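A.B. asks: Below is a structure I'd like to ask you about.
The values are calculated or read from the model by the stated rules, or taken from the named source; none is laboratory data. Predicted, not measured: the structure shown is a model, and the values here were computed from it. Because the Cβ atoms are built from the backbone with ideal geometry, glycine has one as well, and the counts that use them run over all protein chains shown.
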Amino acid sequence: MAVDMKFFEELESRIPKGKVRTRFAPSPTGYMHVGNLRTALYTWLIARNAGGTFILRIEDTDQGRLVEGATEVIYRTMAECGLTHDEGPDVGGPVGPYIQTERRPLYKKFAELLVEKGAAYYCFCEKAESEEDSGEFNRGDDPCRDMSPEEVAANLAAGKPYVIRQRIPHEGSTTFHDISFGDITVENKELDDQVLLKRDGLPTYNFANVIDDHLMGITHVVRGSEYLSSAPKYNLLYEGFGWDIPTYVHCSPVMRDAQNKMSKRHGDPSYEDLKALGYITPAILNYVALLGWSPRGDIAEQEIFSLEELARAFDIAGISKSPAIFDIEKLTYFNASYLRAMDPAEFAKLAEPFIRQGVKGEQYDAAQIAGLLQARCEKLTEIPEKVDFFDTLPEYDKELFTNKKSKTNDEVSLAMLEATLPVLESLDRWEQEAIHDALIALAEKLEVKNATLMWPLRIAIAGKAVTPGGAVELCHILGRDEVVRRVKIGMDKLK
Ligand code: GLU
């Protein structure tokens, strides 16, 4: 059968050359795994570091796994993370379409081309597709592998259903190179004549992936190490076509602990889950970048990296082949650092919805409360519970007034509140500085430590031992009337 080379030549002529081109090729599952996010990030970083092109390709060949809205999750996550793509389904590009199901007509032609080149063959055997997919059959006995061209032509003419299989040499071995895993050699006899084109004319995942990577001019294939075992067959496909093999960068899994991979099914958080848990995107990205990649040289000790800094610093040689363990405590540390370093106005904007979950009273200014929280908050989700006392003074035990370090007990606390009340009631300006100065002057007058005066006041107005901000800040935000009311309640408790 003659193949029309023009078709292939036209596709080849569209492939951009001479620049690094990487692609993130997610399957639309409906969420973004931490491991997938890391793959996306590394892939993006390799392209950006080299001034290359970053491509988004949607791998939706496996129809069984289609989830509604899943593609949107991918777009949204990439955009939120700042992992902008130069080519993709929504922005187009020279080697589209960028959605695998829209590329269907291509694969059959390439499978036929590979037959022509001798690296694949028609197989008319009746095997269940599931057997073929899992590779669980004895290819050694496959009678179609050595069928004469005449017999093949006759079968095709008779309309016999067929699959196209990869013809793996029986002898020898195949070696492929991976950036972090080095050279890996497998005996060809260990590899099965995998199906490339199914009976329905659709490609298998492994075939579509290779065709797409080649036709999109991908120079660096970055993906999870679960694909390592397929890499020799991929290599043989590239060789069969006479194409250049891309640089492989297989990334070890992100682990929950020493034994187990992180898995959504076992309750490990996805990117979306992490956000819902109060982690912010730049902190997640920063942490994820360091799960399996280490900066070297001058920046070997640096931990906090913006995306731009990562793009400058990233090198594939820094990717480790040992699996990294996801440590939520460490992520929390990154998150807290990011929150603290944020511009206060930006933090206030981010914190406001969380503050409003805890504080409904509009008289309390969310931006002022945010000011108290910024240095004292590891995750945004902690906020509502930290600030709920603004709306309603909680029921509290008078034990809280006793604090050894502040030298307070019931008696001392009552005395302090009794002295404080008239000072606050008669203060002419309800401003933070004025409140502060008046209270410090009072402590001096009473010849007590500042803490001895401040502790009971803070307990009385907040009703809890741990608060964001001290007595002065809380008084200022609560307003005079409310402070006076709460101080009186405290006094009643202590009497
Ligand atoms: N679609 C594959 C996945 O989501 C990606 C495989 C690859 O990058 O080669 O796991």
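A.B. asks: Could you tell me which of the residues Glu171, Glu226 is out of contact with any Ser or Thr (no Cβ under 6 Å at 6 or more places or on another chain), farther than 28 Å from Pro16 by Cα and within 16 Å of the ligand (Cβ to nearest atom)?
C.D. replies: None of the other options fit; the residue is Glu226.
A.B. asks: Next up: Against the condition touching a Phe, Trp or Tyr at 6+ places or on another chain (Cβ under 7 Å), surrounded by fewer than 18 Cβ atoms within 10 Å (Cβ to Cβ) and either closer than 29 Å to Pro384 by Cβ or of a type in the set (Ser, Thr, Tyr) (or both), how does Arg485 come out, does it pass?
C.D. replies: no
A.B. asks: Go through segment 170-194 and report how many residues are crowded, with 16+ Cβ neighbours inside 10 Å, over 23 Å from Val115 (Cα atoms) and among the hydroxyl-bearing types (Ser, Thr, Tyr).
C.D. replies: Number of matching residues: 1.
A.B. asks: Then there is this: Working carefully through the options Val249, Val254, Val288, find the one that is farther than 30 Å from Cys377 by Cβ, in contact (Cβ under 8 Å) with a residue 12 or more places away in the chain and buried (at least 19 other Cβ atoms within 10 Å of the Cβ).
C.D. replies: Working: Val254 fails: farther than 30 Å from Cys377 by Cβ; Val288 fails: farther than 30 Å from Cys377 by Cβ.
On inspection, the qualifying residue turns out to be Val249.
A.B. asks: Consider Phe207 against the criteria (1) in contact with a Leu (Cβ under 7 Å, 6 or more places away or on another chain); (2) more than 14 Å from the ligand (Cβ to nearest atom); (3) within 25 Å of Asp86 (Cα to Cα): it satisfies all of them except one. Which criterion is unmet?
C.D. replies: Answer for Phe207: the failing condition is (2).
A.B. asks: Kindly establish whether Lys275 is of a type in the set (Lys, Arg) and touching a Phe, Trp or Tyr at 6+ places or on another chain (Cβ under 8 Å).
C.D. replies: The answer is no for Lys275.
A.B. asks: Among the residues of segment 16-30, write down those that are more than 7 Å from the ligand (Cβ to nearest atom), touching a residue at least 12 places away in the same chain (Cβ under 8 Å) and assigned to a loop (DSSP other than H, G, I, E, B).
C.D. replies: Selection gives Pro16, Lys17, Lys19, Val20, Pro28, Thr29, Gly30.
A.B. asks: Pick from Thr452, Thr408: which is touching a helix residue (DSSP H, G or I) at 6+ places or on another chain (Cβ under 6 Å) and among the hydroxyl-bearing types (Ser, Thr, Tyr)? Break it down into steps so the answer makes sense when it comes.
C.D. replies: Numbers: Thr452 fails: touching a helix residue (DSSP H, G or I) at 6+ places or on another chain (Cβ under 6 Å).
After ruling out the rest, the residue left standing is Thr408.
A.B. asks: Now a separate question. Return the residues of segment 106-129 that are out of contact with any Leu (no Cβ under 9 Å at 6 or more places or on another chain), of a type outside the set (D, E, K, R) and more than 20 Å from Lys160 (Cα to Cα); say none if nothing qualifies.
C.D. replies: Selection gives Gly118 alone.
A.B. asks: Turning to a different aspect of this structure: Which residues, counting only those in segment 284-321, are of a type in the set (Gly, Ala, Ser), over 14 Å from Arg38 (Cβ atoms) and either assigned to a loop (DSSP other than H, G, I, E, B) or modelled with pLDDT of 95 or more (or both)?
C.D. replies: Correct list: Ala300, Ser306, Ala311, Ala313.
A.B. asks: In segment 360-419, what count of residues is obtained for those that are assigned to a helix (DSSP H, G or I), basic (Lys, Arg) and within 25 Å of Ala276 (Cα to Cα)?
C.D. replies: Final tally of qualifying residues: 2.
A.B. asks: Please indicate, with yes or no, whether at least one residue in segment 36-56 is at pLDDT below 95, of a type in the set (Val, Ile, Thr) and either outside any loop (DSSP other than H, G, I, E, B) or under 24 Å from Pro203 (Cα atoms) (or both).
C.D. replies: Within segment 36-56, none of the residues are at pLDDT below 95, of a type in the set (Val, Ile, Thr) and either outside any loop (DSSP other than H, G, I, E, B) or under 24 Å from Pro203 (Cα atoms) (or both).
A.B. asks: Taking the condition assigned to a helix (DSSP H, G or I) and touching a Lys or Arg at 6+ places or on another chain (Cβ under 9 Å), does Leu114 pass?
C.D. replies: Considered against the rule, which asks whether it is assigned to a helix (DSSP H, G or I) and touching a Lys or Arg at 6+ places or on another chain (Cβ under 9 Å), Leu114 comes out as yes.
A.B. asks: Based on what the data block shows, is Ala25 touching a helix residue (DSSP H, G or I) at 6+ places or on another chain (Cβ under 9 Å) and either modelled with pLDDT of 95 or more or surrounded by fewer than 22 Cβ atoms within 10 Å (Cβ to Cβ) (or both)?
C.D. replies: So Ala25 passes the test.
A.B. asks: Any idea which of Leu215, Leu237 is more than 25 Å from the chain's Cα centre (by Cα), under 23 Å from Ala50 (Cα atoms), within 15 Å of the ligand (Cβ to nearest atom) and not polar (S, T, N, Q)?
C.D. replies: Leu215
A.B. asks: Right, next: Would you confirm whether any residue within segment 334-341 is in contact with a helix residue (DSSP H, G or I) (Cβ under 7 Å, 6 or more places away or on another chain) and of a type in the set (Gly, Ala, Ser)?
C.D. replies: Start the filter on segment 334-341 by keeping residues that are in contact with a helix residue (DSSP H, G or I) (Cβ under 7 Å, 6 or more places away or on another chain), which leaves 334-335, 338-340.
Next cut, of a type in the set (Gly, Ala, Ser) only: none.
No; the residues of segment 334-341 include none that is in contact with a helix residue (DSSP H, G or I) (Cβ under 7 Å, 6 or more places away or on another chain) and of a type in the set (Gly, Ala, Ser).
A.B. asks: Output the qualifying pairs, or none if there are none: Cβ atoms under 7 angstrom, residues six or more apart or on different chains, first residue in segment 227-240 and closer than 10 Å to Val186 by Cβ, second residue within 14 Å of the ligand (Cβ to nearest atom) and part of a helix (DSSP H, G or I).
C.D. replies: Pairs that qualify, where the first residue is closer than 10 Å to Val186 by Cβ and the partner is within 14 Å of the ligand (Cβ to nearest atom) and part of a helix (DSSP H, G or I), are Lys233/Asn206.
A.B. asks: For residues that are outside any loop (DSSP other than H, G, I, E, B), more than 16 Å from Glu433 (Cβ to Cβ) and polar (S, T, N, Q), tally how many sit in segment 443-487.
C.D. replies: Number satisfying all stated conditions: 1.
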